[in-house]
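The values are calculated or read from the model by the stated rules, or taken from the named source; none is laboratory data. None of the values given here were measured: they were computed from a predicted structure. Note that we place each Cβ from the backbone using ideal geometry, even for glycine, and neighbour counts take in every protein chain shown.
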Amino acid sequence: MKTEQFTITIESGRLDKVISDHFADWTRSQVKLAIEENHVRVNGGNEKPKYLVQNGDKIEIDRAEPVASGVEPEDIPLDIVYEDDDVIVVNKPAGMVVHPSAGHPNHTLVNALLYHSPLSTINGTFRPGIVHRIDKDTTGLLMVAKNDHAHQSLAAQLKAKTNKREYVALVHGIVKNDEGTINAPIARSLKDRKKMGIVQGGRVAITHYRVLERYLNYTLVACRLETGRTHQIRVHMKSIGHPLAGDPLYGPKKTLAGTGQYLHARELGFRHPVSGKELLFTAPLPDEFQKMIDKLRKQTKSTSQR
């Protein structure tokens, strides 16, 4: 990922138009996605695509290095929870990137999905079918669109916050309150470009959490997303002093062993884009996550009996 910047010398209209005019190889939809994913900053902060740029505005853009054109279908096993002519619900394993990028040109969920089925084309060459994402080491449920009509419907539900997304997270420390809401804006960190952070002027981000179990030094929580910002749960839980266990980016150096953060997209609900039927799916914790929970329960019980 490289950062390019330029300064506006005249008032030039909407942010997305200014950028697409400046970079001929980017479409307006690609620019809009980059802005929404916080890869664009205006004077150090985040703005919406419709922001009217002003004389003297400094625009910074994180641009991925080009990858080879086209995405090759790959015969990679998929854990499909549900499928029909319009949508697929897949249970993603840890370690799998959702779509190709400069650092991950293949072996992604998209490569596997393209081998299995045609996908929507709205997100362009490298993100066909992808309506929302989860991080590489996060496990659990994703909804995928097989055609453009389904994609538009599912994306509209995300924007209107009518779908249901609940995650299970194992966090450091004992969370005192049984439930709570974290409402703190998220944007790319001004100190470390690899991280997101709580940044004034960032995009609205809201996470509701409730405690499921408490252990000796850890707490199992359920997190319901009202918004879907990059690394939202990881950033929000850290902001209240409870970073995710195993998180290599936001967690402490001394943490639980594993393949990454203990975060699982357990529940996913949405309205079917054609039938209108409300659908709800759940996925059990992966084996590694469940074994760690069993271990923490046993330690907690053993200590309480002394």
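Residue by residue, here is whether (1) under 27 Å from A160 (Cβ atoms); (2) surrounded by fewer than 22 Cβ atoms within 10 Å (Cβ to Cβ) holds:
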residue: I198; (1), (2): yes, yes
residue: G201; (1), (2): yes, yes
residue: T207; (1), (2): yes, no
residue: R210; (1), (2): yes, yes
residue: V221; (1), (2): yes, no
residue: E226; (1), (2): yes, yes
residue: I233; (1), (2): yes, no
residue: L256; (1), (2): no, yes
residue: G260; (1), (2): no, yes
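For residues in the stretch 46-63 being in a strand (DSSP E or B) and crowded, with 16+ Cβ neighbours inside 10 Å, which is modelled with the lowest pLDDT?
R63
Which fully enclosed strands (runs of 3 or more DSSP E) of the stretch 192-306 have 2 or more residues being in contact with a strand residue (DSSP E or B) (Cβ under 6 Å, 6 or more places away or on another chain)?
Here the list reads 206-214, 218-225, 263-271, 278-282.
Please enumerate the residues belonging to the stretch 28-62 that are closer than 10 Å to A187 by Cα and of a type in the set (K, R).
Across the stretch 28-62, the qualifying residue is only R41.
Please identify the pairs in which a residue from the stretch 34-55 that is in contact (Cβ under 8 Å) with a residue 40 or more places away in the chain has its Cβ atom under 6 Å from the Cβ atom of a residue that is assigned to a strand (DSSP E or B), counting only partners at least 6 apart or on another chain.
N38/A187; N38/R188; H39/D62; R41/E60; N46/A187; N46/R203
I need a count of the residues in the stretch 89-110 that are of a type in the set (S, T, N, Q), crowded, with 20+ Cβ neighbours inside 10 Å and more than 17 Å from D75 (Cβ to Cβ).
1
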